[in-house]
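Scroll down for the structure; my scribbles are underneath it.
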Amino acid sequence: MKKYILIFSVFIVCVLIYAFFFHQLLFQQKSFDFNSRPPGEAFLYDYANILEDVDEYSNNYLKGIKDRYEIEAVIISIPSLDNIRTVEEAAVEILNNWKIGKDYNGRGIVLFFAEKEKKIKLEVSYELEDVFTDIFCGFVEDKQLRPYFLGGQLGIGLLAVMEEIENRSQIKHQDDYTGKIISGLDDALLSGGAGAKRELLEFEKETVESSGSLFPAGKTPAQGWETLINSWRKKTRDPNLGVYTEITRLAYRDYQNLPDSRYNEDVKTYGRKFFEIIQNENYAVIFFGNKKGWENAPFLFCKTSDGWQFDIVHQRKYIRMGPNPKWGIERANYPYVDLLSKCPNWMGQDIPLVESDIYKISDDKKTAAHIKQLEKEYKANPNNIDMLIELGRQYTITSLELKSIALLKKAKQLNPQNPLPYKYLSIRYVDSTYQYDKAIEKMKVYVKLKPDDFFGRNFLGYLYFCKKNYKQAIKEFKKAIRLKKDNCYAYCKLSRCYGLLHLNESLDGVYLPDNEYKRLSVEMYKKAQSTLTPDKRRMKWLKSWLKRKRILTG
């Protein structure tokens, strides 16, 4: 007996030693090296694990900045400075030792985070200092990022900051600026209203006064739009404006600490901008023309029992911003889509949501009240898995997506076998930040746990379609059709997949008339037509595309 006890003890010791050395090896692999950049092309290095929910989006965005403007920007987070360096020293060391921007005439940017110390530093190379000024860097650090960092919502601030970096990158790349122009941009950042200057040294929470009644819903769409602009003129941080829908008010709770410069810029851009109103009985589009430039993207208003109000849910879901200055609208079934026919198309988001997961303006007040009640329950019982999933779901379908992540992740940890957290995390990753790989990862788990749900296969097919993996998309759409024969969405997407495979196999622009993919594309189009509940709008768009690509004739 003693012999077996001795053998077992030796075995346990060996396991512990192995675990220790394995942990050490793993730690060394993840440890941060100030002296050399890790191999491979990446733009986000999240050693502190605080940016994992926006990593795919950030890498793609920063790669776009490098490709378009020849400026190399990287984002780095580490757990702690360990009292060895200041945040300023760390950022400079990384910029120099990692040779950020070396291959782009020395034009490099480092955005650095130290998690434990809650320190931020935006460091730019000498070649960029004339555009990425100290004032700009201070603004980014203290006004755009620090509030979100301290509040545990760094992802929200980071998305806005990358847009700020792109705006200045575009100015530098075009090389059509003067010191006076840059000084004017910096003055706008510092402006605190009435010519006052704002110190950018420490974050101070903005004072939010109750003033919603001063900005009521409009009697007309034009009046609603003017009220919205007036709220910007007054730098109104109260999220409970009458011109907002109830869900819009919930969304603006996260933006009460916007700097004055954001309001100033919006007023400058839109205060006297010519617009056209395109409307029907219940919906309206403030349209600035089919022109490039983010500032020309339309605004959406809806008519409720209170009057005409700004609708942030559909604004976020269907008015899409690409690389500046590109923007477009989604081709999907939502209330404004026909009014937006003058706008450029943006073929990307087209999530095949089931009816129960679609936000309806008619339910706006009821949905907002439901969310508020769920938030109270969450504070009282943060480990109720059903409540976590439902609140995460509501945040997702009402475009309050970033709020949903922590809730859905927690629900997933509490019960890894529940399919719903995977479903809504997948929707959230793609709907808000185009993170297709993350969405595919989660949706694969969902379809494994819930194999009889046609939505999962529809959505997985759509995700592969967005990744241009058309053959894998075809496999998923076929599975979706087996689960639901009356699946017009899947047939339409199959037609596009086969059509795109046909076009990819064409040689030198000469279309192959006997191509099998072309035949299948037309066949899927006809099957979509013959479904019991054909989607007429989607069929119209598909038919137009097939004819334009000379796949469908007659």
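Quick grid of which residues meet (1) open to solvent by less than 30 Å² (accessible area, probe 1.4 Å); (2) of a type outside the set (A, V, I, L, M, F, W, C); (3) closer than 25 Å to Ile351 by Cβ:
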residue	(1), (2), (3)
Arg272	no, yes, no
Phe275	no, no, no
Asn282	no, yes, yes
Phe301	yes, no, yes
Every residue in region 96-119 that is hydrophobic (A, V, I, L, M, F, W, C) and surrounded by 22 or more Cβ atoms within 10 Å (Cβ to Cβ), please.
Ile100, Ile109, Val110, Leu111, Phe112, Phe113, Ala114
Just a yes or no: is a residue in region 442-465 open to solvent by 50 Å² or more (accessible area, probe 1.4 Å), closer than 17 Å to Asp350 by Cβ, at pLDDT 95 or above and of a type outside the set (S, T, N, Q)?
yes
Scan region 74-88 for residues that are of a type in the set (A, V, I, L, M, F, W, C) and open to solvent by 20 Å² or more (accessible area, probe 1.4 Å) and jot them down.
Ile84
Kindly establish whether Tyr359 is at pLDDT 95 or above, under 30 Å from Arg496 (Cα atoms), hydroxyl-bearing (Ser, Thr, Tyr) and crowded, with 16+ Cβ neighbours inside 10 Å.
yes
Residue check: is Lys409 surrounded by fewer than 21 Cβ atoms within 10 Å (Cβ to Cβ), modelled with pLDDT of 95 or more, of a type outside the set (Ser, Thr, Tyr) and part of a helix (DSSP H, G or I)?
no
Restricting attention to region 362-387, which residues are among the polar types (S, T, N, Q), surrounded by fewer than 16 Cβ atoms within 10 Å (Cβ to Cβ) and within 20 Å of Tyr422 (Cα to Cα)?
Asn383
Find the residue count for region 308-333, including only residues that are surrounded by fewer than 19 Cβ atoms within 10 Å (Cβ to Cβ) and in contact with a Lys or Arg (Cβ under 7 Å, 6 or more places away or on another chain).
4
Looking at Ile247, Ile286, which is the one that is crowded, with 18+ Cβ neighbours inside 10 Å, among the β-branched types (Val, Ile, Thr) and closer than 26 Å to Asn167 by Cα?
Ile286
Note on region 236-265: residues of a type outside the set (S, T, N, Q) and at pLDDT below 90 are Arg237, Arg253, Asp254, Tyr255, Leu258, Pro259, Asp260, Arg262, Tyr263, Glu265
For the structure I just gave you, tell me whether Lys527 is free of Cβ contacts under 8 Å to residues at least 40 places away in the same chain, more than 23 Å from Ile358 (Cα to Cα), of a type outside the set (Phe, Trp, Tyr) and not in a helix (DSSP H, G or I).
no
For Val140, all conditions in the list (1) open to solvent by 10 Å² or more (accessible area, probe 1.4 Å); (2) touching a strand residue (DSSP E or B) at 6+ places or on another chain (Cβ under 7 Å); (3) within 30 Å of Leu400 (Cβ to Cβ) hold save one; what is the number of the exception?
(1)
Pairs, please: C-beta under 7 Å, at least 6 apart or cross-chain, first residue within 13 Å of Lys526 (Cβ to Cβ) and in region 542-554, second outside any helix (DSSP H, G or I)?
Lys543/Leu552; Leu546/Leu552
Residues that are modelled with pLDDT of 95 or more and closer than 23 Å to Tyr255 by Cα: list the strands (runs of 3 or more DSSP E) wholly contained in region 288-331 that include at least 3 such residues.
299-304, 307-310
Would you check which residues across region 48-73 are surrounded by 17 or more Cβ atoms within 10 Å (Cβ to Cβ) and not in a helix (DSSP H, G or I) and list them?
Ala48, Ile50, Leu51, Ile71, Glu72, Ala73
If I filter region 335-356 for residues that are in a loop (DSSP other than H, G, I, E, B), touching a His at 6+ places or on another chain (Cβ under 8 Å), surrounded by 20 or more Cβ atoms within 10 Å (Cβ to Cβ) and not acidic (Asp, Glu), do I get at least one hit?
yes
Could you count how many residues in region 175-219 are more than 23 Å from Arg253 (Cα to Cα), within 31 Å of the chain's Cα centre (by Cα), assigned to a loop (DSSP other than H, G, I, E, B) and modelled with pLDDT of 65 or more?
3
Just name the residue that is nearest to Ile50 (Cα to Cα) out of those in region 120-136 that are charged (D, E, K, R) and surrounded by fewer than 19 Cβ atoms within 10 Å (Cβ to Cβ).
Asp134
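The values are calculated or read from the model by the stated rules, or taken from the named source; none is laboratory data. Please read these numbers as outputs of a predicted model, since none were measured by experiment. Note that we place each Cβ from the backbone using ideal geometry, even for glycine, and neighbour counts take in every protein chain shown. Just the protein is used for accessible areas: all its heavy atoms, side chains included, with ligands, DNA and RNA removed. Shrake-Rupley method; radii C 1.70, N 1.55, O 1.52, S 1.80 Å.
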